[in-house]
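Every number in this text was worked out from the coordinates using simple rules, so none of it is lab data. Fair warning: this is a prediction, and the values are worked out from it, not measured in the lab. Please note: Cβ atoms are built from the backbone with ideal geometry, for glycine as well, and neighbour counts cover all protein chains shown.
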Ligand code: ADP
Ligand code: 5GP
């Protein structure tokens, strides 16, 4: 079987992680690509499950060793990247790879893999709602919140390059819509 790639991008706070987790729970052939990143671990996150947490030095060493499919400095000083070994590991099991990456990373993966990849953009209903969700999530300082909201405005300009845009207003509806498109895509030869 030919492994496919499902790329999810969204401004931080749109609900992408929530949607992706639901999807992974319902379609057993899907497997999450665990990215490497250099930001500090959030409460509840586990190294090797949510991310491979690396120091900036270690991350840069891996860039030099050509270990990434793609990588970005998503926020100043915070590096994130998709490891080649992750994609290989998941395909070897006969699974499809699910990516949670920023807009630039997502479009780079799409360019690399073409028809094998489906790129989905999760939109918040509005910037105000996005900010509210981030505040309620309780993971941000005023500085990181401002950075994320600023970046969100920029990222929302890239939706035209995505195969599908899902507005996450009602979560159940957004999940159902995503599920239907993903099922159809992975069933294609
Ligand atoms: P992202 O991965 O895009 O940063 P999360 O999945 O962490 O976003 O969601 C951000 C916050 O918004 C979380 O606290 C989540 O529970 C909440 N959330 C997700 N979808 C909705 C929705 N449709 N309506 C209201 N809150 C939502
Ligand atoms: P967070 O810090 O909220 O977990 O993630 C911040 C941003 O980094 C999100 O937009 C997320 O999609 C992105 N990201 C996570 N992993 C990768 C990756 O491997 N590559 C790229 N380019 N972005 C990533």
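Observations
- GNM flexibility winner over the chain from 64, 73, 86 (Cα, springs under 10 Å): 64
- Where only DSSP H runs of four or more residues are counted, the chain gives -13500 deg cm²/dmol as its mean residue ellipticity at 222 nm, each run worth -39500 (n - 2.57).
- Seen through its C-alpha gyration tensor, with square-root eigenvalues sorted a ≥ b ≥ c, the chain comes out oblate because a/c lies at 1.5 or above while a/b is not bigger than b/c.
- Annotation: the antiparallel percentage among DSSP beta bridges lying fully within the chain is about 30.
- The mean sequence separation of alpha-carbon pairs under 8 Å and at least six residues apart, normalised by the residue count of region 5-187, gives a relative contact order of 32 percent.
- Highest-fluctuation residue, 98, 165, 56 considered, GNM on the chain with Cα pairs under 10 Å: 56
- At R0 = 41 Å, FRET efficiency that the Cβ-Cβ distance of residue 188 and residue 143 yields, to 0.05: 0.40
- For the chain, built as a Gaussian network whose Cα springs stay under 10 Å, the top-fluctuating residue of 85, 38, 12: 85
- DSSP beta bridge pairing in region 63-169, given as percent antiparallel to the nearest 5: 60 percent
- Here's the picture: a label point sits 7 Å out from the Cα of residue 60 along the beta-carbon direction, and within region 76-94 the residues with their amide nitrogen under 16 Å of it are 76-80.
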